[in-house]
1. Which of the residues belonging to the range 133-152 are open to solvent by 50 Å² or more (accessible area, probe 1.4 Å) and more than 20 Å from residue 174 (Cα to Cα)?
2. Got a sec? Which of 51, 65, 17, 39 is closer than 28 Å to residue 124 by Cβ, within 16 Å of the ligand (Cβ to nearest atom) and of a type outside the set (A, V, I, L, M, F, W, C)?
3. Tell me which residues, restricted to the range 69-116, are β-branched (Val, Ile, Thr) and open to solvent by 50 Å² or more (accessible area, probe 1.4 Å).
4. So, in the range 139-150, of the ones that are without any contact (Cβ under 8 Å) to a residue 60 or more places away in the chain and not in a strand (DSSP E or B), which residue ends up farthest from residue 103 (Cα to Cα)?
5. Which of the residues that make up the range 158-212 are of a type in the set (D, E, K, R), open to solvent by 70 Å² or more (accessible area, probe 1.4 Å) and over 15 Å from residue 78 (Cα atoms)?
6. Suppose we keep only residues that are in contact (Cβ under 8 Å) with a residue 60 or more places away in the chain and assigned to a helix (DSSP H, G or I) within the range 8-28. Which one would you say is most open to solvent (accessible area, probe 1.4 Å)?
7. Filter the range 213-228 down to the residues that are surrounded by 13 or more Cβ atoms within 10 Å (Cβ to Cβ) and among the hydrophobic types (A, V, I, L, M, F, W, C) and list them by number.
8. State yes or no: is residue 210 without any contact (Cβ under 8 Å) to a residue 60 or more places away in the chain, on the phi > 0 side of the Ramachandran plot, small (Gly, Ala, Ser) and in contact with a helix residue (DSSP H, G or I) (Cβ under 6 Å, 6 or more places away or on another chain)?
Amino acid sequence: MLTGAGISAESGLATFRASDGLWEDHRIEDVATPEAFARDPGLVHDFYNARRARLGEVEPDAAHRALARLDVEWPGELLVVTQNVDDLHERAGSRRLLHMHGELRGGWCTACNNRFRWDGPMDSFARCPKCALPGLIRPDIVWFGEMPYEMEAIDAALMACDLFVAIGTSGAVYPAAGFVQTAAYRGAATLEINLEPSQGRIFFDEHRFGLAGVEVPKWVDELLTDAA
Ligand code: APR
């Protein structure tokens, strides 16, 4: 399963590509590339500090909770791969979860390669909790032009899965946007749950259009009823 910003929209977190989305107010090349961070780390820290602080004001929604229920009750294998850097899946209770684009509540030391939990604001003087060198840590976020995390594990899951489901993602950003094609090529059934048809809509066998908070609990109910 692949999730994107749409699954956290009903929790109150902005998506990226909506008319009131994050990429309307900020240019990707100013806040979400390694070059932007090298040029103006303060601006990049401000952007992620605000988003990290916002996590303290929101709660998981019905879609996160339904996927956490699936994690507990599904008798077979399951993997949620999220592009989201919020922590709402794990706060709802999902355990079989990979954050392919990193985590807002994480830092990464570019000196000693340590990745660690980071809850408060981060600035250019912040020190790595392990090597203690100042000025060399950054938000643990995969920026444009960087390699997403866990690609080997994700590829293995795509090769082996019987069903691939994408929830709340526009299908605009690779490699995640290509997962549906890999899974379908290997014989998996494919389902898209989204507010509107995504850019990859033609690659999915089945579509359910509507709010994730309504459609995901309904789908999970059906799946668990069929499996019982
Ligand atoms: N329920 C279901 N779908 C929704 C909802 C909702 N309540 N609200 C919005 N959506 C859909 C939108 O219609 C859109 O297709 O969620 C999708 C969100 O798309 P994007 O804003 O592009 O977010 P995402 O696909 O997660 O972006 C991918 O792009 O900028 C990068 O790294 C960032 O991980 C992010 C990646």
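1. Across the range 133-152, the qualifying residues are 133, 134, 136.
2. Of the residues listed, the single one that is closer than 28 Å to residue 124 by Cβ, within 16 Å of the ligand (Cβ to nearest atom) and of a type outside the set (A, V, I, L, M, F, W, C) is 51.
3. Residues satisfying the conditions are 72, 110.
4. 147
5. 186, 196, 201, 205, 206
6. 10
7. 214, 216, 219, 220, 223, 224
8. Here the answer is no, as residue 210 does not meet what is asked.
The values are calculated or read from the model by the stated rules, or taken from the named source; none is laboratory data. As the structure is a prediction and not an experimental result, all values here were calculated from the model. Note that each Cβ is placed from the backbone with ideal geometry, even for glycine, and that neighbours are counted across all protein chains shown. Ligands, DNA and RNA are stripped out before the accessible areas are found, and what is left, the full protein with its side chains, is counted by its heavy atoms. Shrake-Rupley method; radii C 1.70, N 1.55, O 1.52, S 1.80 Å.
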